[in-house]
Amino acid sequence: MKVFVIIAVMCVLFSCKQEKKYHDTNHDRKSLGTSDKLADILKFQQKLNDEFKDPETSPLADRFRIDFETLDFFQPDTNYVIVAEFIRTPEALPFSMPTTTERESTEVVYGIAKFTINGKKQELEIYQTPELITQEKYKDYLFLPFTDATNGEETYGGGRYLDLRIPDGNEIVLDFNKAYNPYCAYNKKFSCPLVPSVNHIDSRIVAGVKDFEKK
């Protein structure tokens, strides 16, 4: 299934993350072996690179896209495929999440992910976008923006995003190898949600996409 078909247009009008859906298949990664997890990560990287090369879906300005070959990724590491406790928050009310522009994005805290990474316990809010879930194929879509100790050094200073799907039970898989930059990291014309301060990971997440260097 192709993704990002209309991302270039939608990111301008709405949010960078609204059309960035890498989890269009609902396979259970908890049951995958190490080699399968690595293959899944590499598939993600290839798909992302393909979208950045395509003038119809790339956030890059033409002068950067023409010579584009690959994004800079951390080496795949299955230690960053985390099975987190997932606590739903059905009483949460919609709120306005600031963005990199004057626009605000309406979000709802759908649940809390609790997990341990690099020996430290973490709690992150996971959001659902009311406007987005009106679309049938994204009705179970969830959004996890986060910052960590690599921001401003190896990774984009504004933090990174993970796209998720609503799990069946009380656990959710967070594969930080699939952490990607908001489109405003590549092009200031996009409007991207700012990571809430509560979603800071007090550790270095050396997985996923690194910062982008314009050459």
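The values are calculated or read from the model by the stated rules, or taken from the named source; none is laboratory data. Bear in mind that the values here come from a model prediction, so they are computed numbers and not experimental data. Ideal geometry is used to build each Cβ from the backbone, glycine not excepted, and the neighbour counts take in all protein chains shown. Calculation scope for accessible area: heavy atoms of the full protein, side chains included, ligands and nucleic acids excluded. Shrake-Rupley method; radii C 1.70, N 1.55, O 1.52, S 1.80 Å.
Okay, residues lined up against (1) open to solvent by 60 Å² or more (accessible area, probe 1.4 Å); (2) of a type in the set (A, V, I, L, M, F, W, C); (3) out of contact with any Lys or Arg (no Cβ under 6 Å at 6 or more places or on another chain):
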| site | (1), (2), (3) |
| --- | --- |
| Val108 | no, yes, yes |
| Glu131 | yes, no, yes |
| Lys139 | yes, no, yes |
| Ala149 | no, yes, no |
| Thr155 | no, no, no |
| Tyr183 | no, no, yes |
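The residue that is surrounded by the fewest Cβ atoms within 10 Å (Cβ to Cβ), counting only those in region 110-129 that are out of contact with any Lys or Arg (no Cβ under 9 Å at 6 or more places or on another chain) and closer than 18 Å to Val206 by Cα, is Gly119.
Residues checked against (1) open to solvent by 60 Å² or more (accessible area, probe 1.4 Å); (2) on the phi > 0 side of the Ramachandran plot; (3) in contact with a strand residue (DSSP E or B) (Cβ under 6 Å, 6 or more places away or on another chain); (4) among the acidic types (Asp, Glu):
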{"position": "Glu171", "(1), (2), (3), (4)": "yes, no, yes, yes"}
{"position": "Leu174", "(1), (2), (3), (4)": "no, no, yes, no"}
{"position": "Tyr180", "(1), (2), (3), (4)": "no, no, yes, no"}
{"position": "Tyr186", "(1), (2), (3), (4)": "no, no, no, no"}
{"position": "Phe190", "(1), (2), (3), (4)": "no, no, no, no"}
{"position": "Asn199", "(1), (2), (3), (4)": "no, no, yes, no"}
{"position": "Ala207", "(1), (2), (3), (4)": "no, no, no, no"}
{"position": "Glu213", "(1), (2), (3), (4)": "yes, no, no, yes"}
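Could you list all residues from region 35-46 that are touching a residue at least 24 places away in the same chain (Cβ under 8 Å) and either hydrophobic (A, V, I, L, M, F, W, C) or open to solvent by 60 Å² or more (accessible area, probe 1.4 Å) (or both)? Selection gives Leu38, Ile41, Leu42, Phe44.
Per the listing Tyr141, Tyr183, Tyr156, the residue uniquely at pLDDT 95 or above, in contact with a Pro (Cβ under 6 Å, 6 or more places away or on another chain) and closer than 19 Å to Phe44 by Cβ is Tyr183. Evaluated against (1) basic (Lys, Arg); (2) modelled with pLDDT of 60 or more; (3) part of a loop (DSSP other than H, G, I, E, B), Lys37 falls short on exactly one condition, (3). Looking across region 62-74, just one residue is at pLDDT below 95 and aliphatic (A, V, I, L, M), and that is Ile66.
Candidates Thr99, Thr78, Thr106: the one that is touching a residue at least 24 places away in the same chain (Cβ under 8 Å) and touching a Cys at 6+ places or on another chain (Cβ under 8 Å) is Thr99.
Which residue is nearest to Phe212 (Cα to Cα), if the candidates are limited to region 60-106 and must be open to solvent by 50 Å² or more (accessible area, probe 1.4 Å) and of a type in the set (A, V, I, L, M, F, W, C)?
At the first step, the residues of region 60-106 found to be open to solvent by 50 Å² or more (accessible area, probe 1.4 Å) are 62-63, 66-67, 69-70, 72, 75, 79, 83, 85, 87-88, 90-91, 93-96, 98, 100-104, 106.
Those left that are additionally of a type in the set (A, V, I, L, M, F, W, C): 66, 83, 87, 93, 95.
Numbers: Ile66: 15, Val83: 28, Ile87: 34, Leu93: 35, Phe95: 30 Å.
My answer is Ile66.
In this structure, Asn79 does not qualify as touching a Leu at 6+ places or on another chain (Cβ under 7 Å), among the polar types (S, T, N, Q) and under 30 Å from Ser203 (Cβ atoms).
Per the conditions (1) charged (D, E, K, R); (2) more than 18 Å from Lys114 (Cβ to Cβ); (3) more than 16 Å from the chain's Cα centre (by Cα), the sole criterion not satisfied by Glu171 is (2). One residue stands out among those in region 157-180 that are out of contact with any helix residue (DSSP H, G or I) (no Cβ under 9 Å at 6 or more places or on another chain) and of a type outside the set (D, E, K, R): the one that is nearest to Glu51 (Cα to Cα), which is Leu164.
Would you list the strands (runs of 3 or more DSSP E) that sit entirely within region 80-171 and hold 1 or more residues that are among the β-branched types (Val, Ile, Thr)? Don't jump to the end; show me each part of the working.
Values: elements: 81-88, 95-98, 104-117, 120-128, 141-146, 160-165.
Answer list for region 80-171: 81-88, 104-117, 120-128.
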